[in-house]
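Asks: Take this structure, written in structure tokens, and hold onto it; I'll ask about it next.
The values are calculated or read from the model by the stated rules, or taken from the named source; none is laboratory data. What you see is a predicted model, and the numbers here were worked out from it, not measured in a lab. In this analysis, Cβ positions are derived from the backbone assuming ideal geometry, glycine residues included, and neighbour counts consider all displayed protein chains. When the accessible area is computed, the model is the full protein with side chains, heavy atoms only, and any ligands, DNA or RNA have been set aside. Shrake-Rupley method; radii C 1.70, N 1.55, O 1.52, S 1.80 Å.
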Amino acid sequence: MAIEETLVQQYGALMTVDDLAAFLRRSPTSLRNSLRSNDDFFLRVNDTRLKIGRRIYFRTSQLAQVIEG
């Protein structure tokens, strides 16, 4: 679980769209567009999404599992 530990240390328990975009080396706008697509990877990323008020976060531990495969 090296990826999970690294992500949690760097970003905390929840990642913002900007955090995820920086990790994936994309612009936030490009990431938002990709999250609306029907791509399998981004559908799994959307499953980690958590909406608090108007803000969107991603659960870091679940996101690490998606990234690992």
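Asks: Per residue, what accessible area does the chain have, given a 1.4 Å probe and all protein chains present, in Å²?
Replies: 67
Asks: Roughly how much of L14 is accessible, in Å² to the nearest 10, using a 1.4 Å probe?
Replies: Counting only protein heavy atoms, the figure is 60 Å².
Asks: With Rg and the Kirkwood Rh both taken from Cα atoms, where does Rg over Rh land for the chain?
Replies: Dividing the radius of gyration by the Kirkwood radius yields 0.93.
Asks: May I ask you to list the trypsin sites (Lys or Arg not before Pro) in the chain that are in a DSSP loop and have at most 14 other Cβ atoms within 10 Å of their Cβ?
Replies: R25, R26, R36, R54
Asks: Could you tell me which helices of the chain pass both thresholds, a Cα extent of 18 Å or more along their own axis and a mean Kyte-Doolittle hydropathy of at least 0.0, with helices taken as whole DSSP H runs?
Replies: The qualifying helices: there are none.
Asks: To continue, here is another question. Ignoring ligands, DNA and RNA, what percent of the accessible area of the chain is carbon or sulfur (1.4 Å)?
Replies: After summing per-atom areas, the C and S share lands at 46 percent.
Asks: For the chain, with a Gaussian network of springs between Cα atoms less than 10 Å apart, report the residue from D39, D47, D18 with the top mean-square fluctuation.
Replies: In the Gaussian network model the winner is D39.
Asks: Another one. Quick one: length gained pulling S30 to I67 fully straight, 0.36 nm per residue minus the C-alpha distance?
Replies: So the extension gain works out to 11.5 nm.
Asks: Under unit Cβ charges (Lys, Arg +1; Asp, Glu -1), what dipole magnitude, rounded to 20 debye, does the chain have relative to its Cα centre?
Replies: Value, rounded to 20: 440 debye.
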